[in-house]
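Report on the following structure.
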Amino acid sequence: MSRKSFQQYDLSKEIKKALLNLGFESPTEVQEKVVPVALEKRDLVVKSPTGSGKTAAFSIPICELVEWEENKPQALILTPTRELAAQVNEDITNIGRYKRIKATSLYGRQSFERQKIELKQKNHVVVGTPGRVLDHIEKGTFVLDRLHYVVIDEADEMLNRGFIDQVEAIIRKLPLNRVTFTFSATIDEEVEALCHKYMKRPLNIEVNKNGLTTNRISHSYLQVREEEKLDLLQGITTVENADSCMIFCRTKEKVDTVYKKLADHHYPVRKIHGGMVQEDRFAVMNQFKRGKFRYLVATDIAARGIDVDSITHVINYDLPLEKERYVHRIGRTGRMGKNGKAITFLTPGEQNYMDEIEEYVGFTIPKMLPPTEQEVANAKTDFERKIHSNPKLKTAKHETFNNEIMKLYFNGGKKKKLRAIDFVGTIAKIKGVSVADIGIITIQENLTYVDILNGKGSLVLREMKTKTIKGKQLKVHQAKK
Ligand code: AMP
């Protein structure tokens, strides 16, 4: 099916250029359905499978709709995990790069003060987890009077148990004349009704009505006793010899145990769970996205929304006890037209949960037999070769795009009374450089970062070494971050 190219959409040239550079030529199905109506500022309840391009479906209209001149936040995107907030922030920044959209992330276990300072600066979009967002709203550090757009990503998780009180408290504080979008792969009628409670005559958009999962994933399950799981995992991973694999467990203790076993056997493996410090969680996720190791053992914090290119296998070491979690976990594979395998371990006594999952996804998951000793032995050589070879590094998403951008550091900021206009004025006067080559400018007390776009970074860096800004000679170099 041929779809209209993004270049034919009613979008500004800055957004179109960013989409072109990201390699987003034509919209995915959900984007095709969502973008035009979102641009008309309709409230939307969107249900679309994992990996179908949901993030861009709301990020494109949000980036288009926010007004650059307005300094206060105009859009709020709520996500259930910090990892997902960071990922959405990156997507917004990439899509809004040429419009110079500034996005800020707010999540726990990061300095409140630092976030407060960021919120005092120009901000178009705030992406965050509910607890910290509410904290900033209640303390008055996140000003809401210009907020026009709200996205509740992974809506069913956000309007459920742990989050609902905080999310409702946030929504109650938001201006009434706002546009609200909710997105998820799994929304049941109850949650949908709840969505409607906060929205004005929302339009329901459903993609892939025939199923919750893509048909690019092959599903199977194995029967196993709890005490045999570790051995079975070794056998299965040897025979499957995955390029890139996520292994989900129900608890962090389980993650630790499985991780240790695999690490002891020299698997290129890392782990992620909520008991780890945030920096380590981010570092592990980033390395996995780059393909630095092949196996990631995780709790469900890594199940929702996380977008890693080309995961070939998802193994449910523990059966998820909630049917929705099955869909989200296995949705880490089979993304954007690629194939994937989902293998689930089932212990005696868990059949009821499995029945529920099957009913939910709408098909029977075939049983597979554990590999025989002979099969494992036959696969050993290839397996050993792969785990001891360096994986081919994946280009981090948008890396080529980011090559065109250089972030410059200047050792002067607010204290020297410098404003964005002062930087723009000086830089745009350089021969061969125009305002369109200047990206996001972040001014702090004693320093300023300026993104230089379109591969003009080296030229601007060289020229700025001898030029003054508002009569001040500043030190300038390429920023480390
Ligand atoms: P999501 O479902 O939002 O996690 O997106 C899945 C993946 O598809 C991400 O890696 C996106 O960068 C990518 N993607 C989203 N929209 C498009 C598009 N229109 N063309 C190509 N890739 C896309």
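The values are calculated or read from the model by the stated rules, or taken from the named source; none is laboratory data. The model shown is predicted, which means the values in this text are computed figures rather than measured ones. Glycine also receives a Cβ, built like all others from the backbone with ideal geometry; neighbour counts cover every protein chain displayed. Areas reflect the complete protein model, heavy atoms only, side chains present, ligands, DNA and RNA absent. Shrake-Rupley method; radii C 1.70, N 1.55, O 1.52, S 1.80 Å.
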Residue within segment 70-92 that is open to solvent by 10 Å² or more (accessible area, probe 1.4 Å), within 15 Å of the ligand (Cβ to nearest atom), over 24 Å from G455 (Cα atoms) and without any contact (Cβ under 8 Å) to a residue 60 or more places away in the chain present: no
Of all residues making up segment 28-53, the number that are buried (at least 19 other Cβ atoms within 10 Å of the Cβ) and either away from the ligand (no atom under 12 Å from the Cβ) or not assigned by TED's automatic domain parsing to the domain that holds L194 (or both): 6
Residue within segment 104-122 that is among the acidic types (D, E), modelled with pLDDT of 95 or more and open to solvent by 20 Å² or more (accessible area, probe 1.4 Å) present: no
Filtered residue count, segment 83-127, keeping only those that are acidic (D, E) and more than 21 Å from the chain's Cα centre (by Cα): 1
Test: residue in segment 244-261 that is part of a loop (DSSP other than H, G, I, E, B) and under 22 Å from F383 (Cα atoms): yes
Options K99, K33: the member that is in contact with a strand residue (DSSP E or B) (Cβ under 9 Å, 6 or more places away or on another chain), of a type in the set (K, R) and farther than 24 Å from V308 by Cβ: K33
Among (1) within 15 Å of the ligand (Cβ to nearest atom); (2) of a type in the set (D, E); (3) at pLDDT 95 or above, the one test that E67 misses: (1)
Matching residues in segment 12-27 - criterion: being of a type in the set (S, T, Y) and within 7 Å of the ligand (Cβ to nearest atom): S26
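Among the residues of segment 338-367, which ones are of a type in the set (G, A, S) and either more than 31 Å from the chain's Cα centre (by Cα) or surrounded by 12 or more Cβ atoms within 10 Å (Cβ to Cβ) (or both)?
First, the residues of segment 338-367 that are of a type in the set (G, A, S): 340, 342, 349, 362.
G340, A342, G349, listed by residue number.
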Residues of segment 319-334 satisfying the condition of being surrounded by 22 or more Cβ atoms within 10 Å (Cβ to Cβ) and assigned to a loop (DSSP other than H, G, I, E, B): G331, R332, T333, G334
